[in-house]
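Step one of this worksheet: look at the structure below.
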Amino acid sequence: MRRWLTALALTALAACSPAPQSAHPAFWQVTGPQGQKGWLLGTIHALPRPALWRSAAIGAALDEANVVAVEIANLDDTAAMAQQFEKLQYSRGLPPLSERVDPSLRGVLASQIAAAHMTEADFARIETWSAALRLARAGEGENDSANGVDRAVLRAAGGKRVVELEGATGQLGLFDTMPEAEQRAMLNAVLRDATGTADSGLTNAWRNGDFGVIEAETRRGMLADPALRETLFTGRNKAWADQLAMRLNRGERVFVAVGAAHMAGGDGLAAMLAARGFKVARVQ
């Protein structure tokens with residue numbers, strides 16, 4: 001989830017890429033009782049280098065699909081994302097950022113603000129959710145959303161119809177409409193996770209399709225908070241499962257590419273589609 005936050009910040013606040021690395025991400029096929037057919041690819045939103053993610057199974061599915069579904073369709077329109085970010089992130093009369101975090105985390109906050117090349121005064125009008133995004137970016141190290149697999153899938157889609165499950169406005173709106181208590185819980189979680197380096201363990205788990213590691217990640221940090229989990233994980237998965245079930249039931253062959261964490265566990269997207277009567281089988 002931190003990786004997702006960081007990718008939003010990288011895109012909104014936006015070289016040559018190094019040589020790509022091989023990957024074998026988790027991949028599922030979805031079938032229905034009336035011949036419905038779709039696929040689920042767990043992506044990663046930011047990587048230090050591009051990934052060779054398109055296996056024979058994934059390539060064949062992309063060729064057969066007639067719709068590609070992603071979280072955000074216009075990822076390369078960084079100007080539009082930044083404009084929406086700017087529109088939502090400011091408010092007047094906010095307390096100092098150090099008063100919006102757990103007192104035990106104020107030292108970490110100070111170091112993360114310095115790493116972002118900012119001062120606390122720069123956050124005077126910035127809402128707490130936006131501060132969390134900015135500070136998540138400061139701790140991400142060498143990962144770059146330009147190397148994210150979501151962008152690669154969009155490039156590979158060619159002329160196929162692309163639909164978005166949320167869109168930039170919808171994703172940023174999740175944060176902007178959260179109660180302040182949830183925003184502060186998210187900021188606290190970002191600070192607790194702050195290490196100043198990229199999470200290579202999670203990256204390797206994605207490359208290897210290791211869902212034991214990925215599912216464990218969905219049980220810690222901000223997703224261990226019940227309210228944040230409902231807002232950022234379970235609720236989004238329910239909304240996506242409803243959209244996808246509707247598309248599959250009207251005969252669309254949908255290739256779905258969303259963050260891998262959203263596939264994990266009993267309240268993940270794969271399980272939710274299975275609960276709606278589809279057979280979901282991991283094929284890679």
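Worth a mention:
- Screening Val256 on (1) more than 20 Å from Val153 (Cβ to Cβ); (2) buried (at least 19 other Cβ atoms within 10 Å of the Cβ); (3) modelled with pLDDT of 95 or more shows it passes everything except condition (1).
- Checked against (1) under 24 Å from the mean Cα position of the chain (by Cα); (2) modelled with pLDDT of 95 or more; (3) among the aliphatic types (A, V, I, L, M), Ala60 meets all criteria but (1).
- Leading residue by the ranking (nearest to the chain's Cα centre (by Cα)) among those in region 105-123 that are loosely packed, with under 14 Cβ neighbours inside 10 Å and aliphatic (A, V, I, L, M): Ala114
- Looking at region 209-284, the helices (runs of 4 or more DSSP H) lying wholly inside it that each contain 2 or more residues that are within 18 Å of Thr31 (Cβ to Cβ) sit at 235-249, 269-275.
- Matching residues, region 268-284, being out of contact with any strand residue (DSSP E or B) (no Cβ under 9 Å at 6 or more places or on another chain) and surrounded by fewer than 18 Cβ atoms within 10 Å (Cβ to Cβ): Ala275, Arg276, Gly277
- Residue match in region 139-148 (condition: at positive phi and either surrounded by fewer than 22 Cβ atoms within 10 Å (Cβ to Cβ) or assigned to a helix (DSSP H, G or I) (or both)): yes
- Yes/no for Asp210 being over 21 Å from Glu166 (Cα atoms) and surrounded by fewer than 20 Cβ atoms within 10 Å (Cβ to Cβ): yes
- Of the criteria (1) outside any helix (DSSP H, G or I); (2) modelled with pLDDT of 95 or more, which one His117 fails: (2)
- Selection within region 93-138 - basic (Lys, Arg) and touching a Ser or Thr at 6+ places or on another chain (Cβ under 6 Å): Arg100, Arg106, Arg137
- Test: residue in region 178-186 that is touching a Gly at 6+ places or on another chain (Cβ under 8 Å), surrounded by fewer than 17 Cβ atoms within 10 Å (Cβ to Cβ), of a type outside the set (A, V, I, L, M, F, W, C) and closer than 27 Å to Arg106 by Cβ: no
- The test for being among the basic types (Lys, Arg) and in contact with a strand residue (DSSP E or B) (Cβ under 9 Å, 6 or more places away or on another chain) holds for Arg247.
The values are calculated or read from the model by the stated rules, or taken from the named source; none is laboratory data. Here the structure is a predicted model, which is why all the values come from computation and not from measurement. Here the Cβ is made from the backbone with ideal geometry for all residues, glycine too, and neighbour counts use every protein chain on show.
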